[in-house]
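Data block below; observations after.
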Amino acid sequence: MSVEAPNPAVSYRQGRLDDALNVAMLGTHVFLDTYAPQGMRPPLAREVLEHFSVEATEAVLRTPGTVVLLAESAGHLVGYAQLDSGTAHDLVDVRPASEVVRLYVHERFTGQGIGKALLRRCEQQARSDGAQALWLTAWIGNPRALRFYAGRGYADCGATDYVFEDDHYENRVFVKSLDRAAQGVAP
């Protein structure tokens, strides 16, 4: 088993309003690469325009309780994670909880530890915000993501659908306890 060393050329910071353009474009790129392997259809195109426009991204960056964490290499955005505090899901029993809404890494930068570093930063932020658990959903058509979260200690606690218009995409709900004692982490 190989061990991924974090890429030293990557820096991490919290997103700002002036990052909206780059976050929107990277989000669009990764979303389409993941969800449109067979090409575009109108419902998918409308979903992208609704959730990944610059205006929608600016709204996310302004939302209280939402943190967008960025990964940059040589001044270029190569990954980001969106963390929403205080969110709940019927399949997540632990409260309070936070949600990783998105964790996107540009395909050319996968396998360099960037996703792991972003997820670790989400866990740290959620813990500092008082969350007892961190949860997320991953599409069943993305086996790499399913393996990634399971490999980071996230438990699969059931199925849910991601729905837009008449399209349904089965997702798995993953959750991880942030209880320091349960993980052997010193307070």
**Study point:** Relative contact order, percent, the chain [alpha-carbon distance under 8 Å, six or more residues apart]
**Key:** 19
Check your understanding: Under a 5 Å amide H to amide H cut-off, with H placed in plane at 1.01 Å, what residues pair with VAL101 once short-range neighbours are removed?
Key -> GLN82, LEU83, ASP84
Exercise for review: Note the listed values (1) 0.94; (2) 1.10; (3) 1.01, then indicate which one is Rg/Rh (Cα atoms, Kirkwood Rh) calculated from this particular structure.
Suggested key: (1)
**Study point:** Amide proton proximity set for VAL92, modelled H, under 5 Å, gap of 5+
**Key:** none
Revision key, fill the gap. At the level of C-alpha centres, the distance separating segment 87-119 and segment 155-174, in angstrom, is 15
Review point. If you take the beta carbon distance between PHE164 and SER128 as r and set R0 to 25 Å, what does 1/(1 + (r/R0)^6) give as a FRET efficiency, to the nearest 0.05?
Key: 0.15
**Study point:** Sparse-neighbour loop sites [trypsin sites (Lys or Arg not before Pro); segment 113-142; at most 15 other C-beta within 10 Å; DSSP]
**Key:** none
**Study point:** Positive minus negative residues near VAL54 (Lys, Arg vs Asp, Glu; Cβ under 15 Å)
**Key:** -3
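Values quoted throughout were computed directly from the atomic coordinates according to the rules given, and no laboratory measurement underlies them. Remember, it's a predicted structure, so these values are computed and weren't measured experimentally. A quick note on method: Cβ atoms are made from the backbone with ideal geometry, for glycine too, and the neighbour counts reach across all protein chains shown.
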